[in-house]
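Here's the structure, in structure tokens; my notes come after.
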Amino acid sequence: MSYIQLDVFDLALAALLVILNGALSIALQLRLERQLFIATLRMIVQLFLVGLVLTTLFTLVSPGWTGLAALAMVLFAGREIMARQDRPLAGLWSYGLGTGCMLVAACLVTVFALTTPVQPEPWYHPRYALPLLGMILGNTMTGISLGLHTLTTGLVRDRVAVEAQLTLGATRRVAMLPVTRAALKSALMPIVNAMAATGLVALPGMMTGQILAGVAPGEAVKYQILIMFLIAGGTGLGATAAVLACGLRLSDRRHRLRLDRLAPARE
Amino acid sequence: MAAPALLSVRGLARPGLQPLAFDLAEGECLAVRGPSGAGKSLLLRALADLDPNDGELSLEGEPREAMPAPRWRRLVTYLPAEPGWWAETVGAHFADWAAAEPLVEALGLPAASRDWPVSRLSTGERQRLALVRALVQRPRVLLLDEPTAGLDETARDAVETLIAARLAEGAAALWVTHDAGQARRLARRCLKVEGGRVTEDAP
């Protein structure tokens, strides 16, 4: 494999582009320069740290440390799901439900990928496990947060319609079905769109990365297809579990709609 | 020995409502009166088991907790003042439009209303169609929250006649109304709701 190494000067040169954006923001009084500066700084620091962590993990190849890194990734992603909700569930449920569903779905799919199609030696080798988990986790997180957001806001908005079905003797599953359907649709739309548009509109990042690193395009494409399947599987499993569990939490055994189990609306 | 009451309510309580008890016999209509925000809708929602509540309720001697909630609500059906709709057209809300059509026409609406989009319905049309939607399932107890508030006199009379016919067939009703004349026409007993306290009163 051959690839062109970058030095600090190359990065500094590219950073000029962001500085140009900042200058434009100041000149046009867009007031974006502060956010842009902070985001750029965070990116640089976070990526260098991750680089360090990955380098260490790759030399250790320890199941314990790899597992710990994976757990940290899941917990951060769980916080992200919660932060994106307008009306999260009240109490520990708001963090626990999304994170739990994501943990199970992403880990299942990652372990499946590592033990059947990819099969590195050992199977938990962090060079394979962590990038795979990262890609699956990122997409599953988006799917779950979109699904939960659509479900909770939809139930609040359509409360009267859902209760109309309940008053006529519908079960909670039937009464909530229109909102559940919309929630799962919005959860799966990003991956469906990504699969439909990939290769035509945009070249996927991972495939591009492999090509830049010198992998033959035909091989990179196979890897990308595998990743798309894994992402679709993880997102589908995680979002379905999260939306159904949240629907159960927002109703009870007497088939009542329980919006009192949502946290109060944020200002 | 007297037959058990159609609907028996003992110790019904929920936030916003103090414990109350009453019986409702077949064919009986109970007017529910009181100022806005006094808890009339809370009472009807608790009876339909739509909100968490305590109390021993039974229908013809069968305890509420012994039957699944959907079955209870088919038999004890709540009709809110502003009924909800979950599909685009009127007809999509009816499992059996043929059974609904005579009732729709009795309430002064054309059979063609089946194809009307819900978004174009007036308040009065919504109220009447929602009443039909509930009646086609032949509930034993109707919990009516101001079912004639948005109606003209002709339509109001049609609703009263239709409900009276159901009462004559052995159903029973709780009827929230602000109209003293309507309360006297329909009911011999009256529940007065004030600040979450329910007392029995002459209509």
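Tabulated data
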{"read-out": "Simple spin-label estimate for B:ASP96 and A:PHE37 in nanometres, 7 Å along Cα-Cβ", "value": "7.3 nm"}
{"read-out": "Lys/Arg +1, Asp/Glu -1 at C-beta; the protein assembly as shown dipole; positive extreme among B:ALA173, B:LEU57, A:LEU54", "value": "A:LEU54"}
{"read-out": "Viscosity 0.890 mPa s, 25 °C: Kirkwood-radius Stokes-Einstein D of the stretch A:145-197 over Cα pairs, µm²/s", "value": "209 µm²/s"}
{"read-out": "Potential lengthening between A:ALA15 and A:MET206 on full extension [0.36 nm per residue; Cα-Cα distance subtracted]", "value": "66.5 nm"}
{"read-out": "Relative contact order (percent, whole number), chain B, Cα cutoff 8 Å, 6+ residue spacing", "value": "31 percent"}
{"read-out": "Cα gyration tensor category, rounded, prolate or oblate, for the stretch B:1-118 with a/c compared to 1.5", "value": "prolate"}
{"read-out": "Calculated SAXS-style log₁₀ I(q)/I(0) at q = 0.12, 0.14, 0.18 Å⁻¹ - the stretch A:63-261, Debye, Cα scatterers", "value": "-0.65, -0.82, -1.15"}
{"read-out": "Amide hydrogen neighbours beyond the local backbone of B:LEU30, cut-off 5 Å, H modeled", "value": "B:ALA173, B:LEU174, B:TRP175"}
{"read-out": "Listed residues B:GLY84, B:PHE94, B:PHE22: farthest to the positive end of the dipole of chain B (Cβ charges)", "value": "B:PHE22"}
{"read-out": "Value in Å of the Kirkwood radius, where the stretch A:1-60 supplies the Cα pairs that are averaged", "value": "13.7 Å"}
{"read-out": "Cut-off under 5 Å, modelled amide H: who pairs with B:TYR78 long-range", "value": "B:LEU143"}
{"read-out": "Binned Cα-Cα distance frequencies in chain B - 10 Å width, integer %", "value": "9, 36, 36, 17, 2, 0"}
{"read-out": "Cut-off 19 Å, label 7 Å out along Cα→Cβ of A:LEU248, residues of the stretch A:65-97 by amide N", "value": "A:89-97"}
{"read-out": "Pairwise centroid distance, computed over Cα atoms, of the stretch A:91-156 with the stretch A:179-246, Å", "value": "13 Å"}
{"read-out": "3J(HN,Hα) from dihedral phi, the stretch B:82-92, Karplus parametrisation 6.51/-1.76/1.60, rounded to Hz, x for glycine, proline", "value": "10, x, x, 9, 10, 10, 6, 9, 4, x, 5"}
{"read-out": "Charge dipole magnitude, Cβ of K and R +1, D and E -1 - the stretch A:63-261, Cα centre, debye nearest 20", "value": "780 debye"}
{"read-out": "Virtual spin-label span in nm between A:ARG84 and A:MET195, 7 Å along Cα→Cβ", "value": "1.9 nm"}
{"read-out": "222 nm mean residue ellipticity, helices alone, for chain A (DSSP H n ≥ 4; -39,500 (n - 2.57); rounded to 500)", "value": "-26000 deg cm²/dmol"}
{"read-out": "Integer Hz, Karplus 6.51/-1.76/1.60 couplings in order for the stretch A:149-156, x for Gly and Pro", "value": "4, 5, 5, 5, 5, x, 5, 5"}
{"read-out": "Under the Karplus curve 6.51 cos²θ - 1.76 cosθ + 1.60, θ = phi - 60°, whole-Hz ³J(HN,Hα) for the stretch A:127-140, x wherever Gly or Pro sits", "value": "4, 9, 4, 6, x, 4, 4, x, 5, 5, 4, x, 6, 5"}
{"read-out": "Rg followed by Dmax, in Å, when the protein assembly as shown is reduced to its Cα trace", "value": "30.5, 99"}
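Quick note: the coordinates plus some simple rules give every number you see, no bench work behind them. Keep in mind that this is a model prediction, so the values were computed, not measured. Cβ atoms come from the backbone with ideal geometry, glycine included; neighbour counts cover every protein chain shown.
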